[in-house]
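Report on one structure; see the data block that follows.
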Amino acid sequence: MSYTIENVNGCTKKLVFNFDKVDLTKEIKEALVAKQANSNLKGFRKGKAPLEMVQKLFGPQIENDALYRFISEQYYNAVKKENIRAVGYPQFGNTKYESGKNVSFDATVEIIPDFELKDYSKLSFKKDSETVTDEDFETLKKNYLGSKAEIAEVKDAGHKLAKGDFAVFNFEGEKADGSKPENMKASEYMLEIGSGQFIPGFEDGMIGLKKGEKKDVKVTFPADYHEADLQNAPVTFHVELLEIKQKNFPEFNDEIAKEFGFESVADFTTKNKERMAIQKKREVTSKLQQEILEKLISENSFEVPKALVDDQKESVKEELSRTLKQQGFNDQMIALYFERWDADVTSKATFQVRSGLILDKLAKKYNIEATEADLDAKIDEMVSQSGMKKDEIAKFYKSNENIKRNLMYAIREEKTFASLMKDMKVS
């Protein structure tokens, strides 16, 4: 064997190669012919210059090309022979070559880490209720009726501001040093309580106020607030409630149901409760899976390849970019966002990489693979939930290999979680 293998760390290996009496004549000849075919030399048509002329002009480069081909071939042969799960491209170094004598070089490459999961059979998790409540359904109806609702003043002087109400108020913010910045004050401002538009704690601090009442609402700005001088800053807002308003919704009758594409109120109720039940189940399952992954990651420490994290960061940034553009961010704003929150993006990407490696490990443990039958079953599930034609969905997922591969991976994850949860305590 002309190489040795060193473990740099849990996810990096170095292959050290040494060859004696290396004859690169064959490789140099191949490189020479390749260079000839692509050469445009004066007085000759492309690819028709004599080999001797090409050799004379490009000799050193051709020899380097031949050496690189030899190095690459030896590296990939070793990786295949040793069954090394390499990630990304190797970093070559310490290359030494004496024509007709010897070749030596190093190749450092990241690998999929080999790790063992700690016993998870005693881990316990509580699954949220999948029940769709009457309150959930009423919220849905109000969402449908939102465009038809009227916002009107509450006439009852004793009415206390509550979530869902609209407050019309004056406010002025005062910092700890007594200053009152102009950008922290407003008159006759209208805010839906519970909408989360203001600093955390502000809206909750207004709940219970009556029309005409004043209150000092004390809050602390978030550590990641976009204005650096307000990060973790305590601020007191002097608030005066001028008016309370509420949305008045029309009666949800058959006529309105038809406007939304349903046959009747009964049809609206049946179809939407079925859809909400599916959605609620999906949300509960997703939350449980996230909690399981977080626990497994905290319980199992192992190094992850930087190349995988870097690739995943690009995927995270692409997804975030689409969301930010929908919110009105331009390219310059997005670039500044990623510059400021690079650590958060890296953390999210690292979590996703660790999750993927753990789930892959578990899938192999449980001998789980996604089959064509699983794919067909998933497509049938999508048809029942979306109302779209099966041919359209099947064509979308089966005509593009990348899209199909992603769905097959998601199916494999679903099956892995199903097996995993049987070996855990889930109540």
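The values are calculated or read from the model by the stated rules, or taken from the named source; none is laboratory data. These figures come from a predicted structure and were not determined experimentally. Cβ atoms come from the backbone with ideal geometry, glycine included; neighbour counts cover every protein chain shown. Side chains included, ligands, DNA and RNA excluded: accessible areas come from the protein's heavy atoms. Shrake-Rupley method; radii C 1.70, N 1.55, O 1.52, S 1.80 Å.
Things worth noting here:
- Counting only Cα atoms, the size of the range 193-265 along its three principal axes is 55, 32, 14 Å, in decreasing order.
- When the helices of the chain are scored as -39500 (n - 2.57) per DSSP H run of n ≥ 4 and the total is divided over every residue, the value at 222 nm lands at -16000 deg cm²/dmol.
- Coarse-grained scattering of the chain at q = 0.07, 0.08 Å⁻¹, given as base-10 log I(q)/I(0) from a Debye sum over alpha-carbon atoms: -0.65, -0.80
- Potential lengthening of the chain between residue 254 and residue 274 amounts to 5.3 nm, from the contour at 0.36 nm per residue minus the alpha-carbon distance.
- Area of residue 229 that stays accessible when all protein chains are in place (1.4 Å probe, Å², to 10): 100
- Positive end of the dipole of the range 140-187 (Cβ unit charges, origin at the Cα centre): among 171, 184, 144, the Cα lying farthest that way belongs to 144.
- Karplus-derived HN-Hα couplings along the range 413-427 (A = 6.51, B = -1.76, C = 1.60, θ = phi - 60°), whole Hz, x at Gly and Pro: 5, 4, 5, 5, 4, 4, 6, 4, 5, 6, 9, 10, 9, 10, 10
- Net charge, residue 88 excluded, C-beta distance under 10 Å - Lys, Arg +1, Asp, Glu -1: -2
- The amide H of residue 218, built 1.01 Å from its N in the peptide plane, has 237 as neighbours under 5 Å, considering only residues 5 or more places off or on other chains.
- Just checking the listed ones, 306, 160, 56: in the Gaussian network model of the chain with Cα springs under 10 Å, the one fluctuating most is 56.
- Fraction of the pair-distance distribution of the range 9-104 above 15 Å, Cα-Cα pairs, percent: 66
- Accessible surface of residue 76, taken over heavy atoms with a 1.4 Å probe and every protein chain present, rounds to 120 Å².
- Applying 1/(1 + (r/R0)^6) with R0 = 56 Å to the Cβ-Cβ distance of residue 425 and residue 64 gives a FRET efficiency near 0.35.
- Average accessible surface area per residue within the chain, 1.4 Å rolling probe, Å²: 62
- Viscosity 0.890 mPa s, 25 °C: Kirkwood-radius Stokes-Einstein D of the range 280-427 over Cα pairs, µm²/s: 139
- In order along the range 170-178, the Karplus-derived 3J(HN,Hα) couplings, from 6.51 cos²θ - 1.76 cosθ + 1.60 at θ = phi - 60°, round to 9, 8, 8, x, 10, 6, 4, 8, x Hz, and Gly and Pro are given as x.
- Here is the tail figure for the range 147-305: Cα pairs spaced more than 18 Å apart come to 72 percent of all pairs.
- Using C-alpha pairs under 8 Å with a sequence gap of at least 6, the mean separation divided by the residue count of the chain gives a relative contact order of 15 percent.
- For the chain, size of Cβ-based charge dipole, Lys and Arg +1, Asp and Glu -1, in debye: 1660
- Percent carbon-and-sulfur accessible area, the chain, ignoring ligands, DNA and RNA, probe 1.4 Å: 48
- Accessible surface for residue 226 stands near 110 Å², nearest 10, in the context of the full protein assembly shown (1.4 Å probe).
- Taking amide H as placed 1.01 Å from N in the peptide plane, residue 165 has its amide H under 5 Å from the amide H of 193, each at least 5 places away in sequence or on another chain.
- What the phi angles of the range 204-209 give under the Karplus curve with 6.51, -1.76 and 1.60, with θ = phi - 60°, is a coupling list of 4, x, 8, 4, x, 6 Hz, glycine and proline written as x.
- Inverting the pair-averaged 1/r between distinct Cα atoms of the range 321-385 gives 15.5 Å as its Kirkwood hydrodynamic radius.
- Using equal-weight Cα scatterers in the Debye expression, the normalised intensity of the range 238-320 in log10 at q = 0.10, 0.16 Å⁻¹ is -0.67, -0.87.
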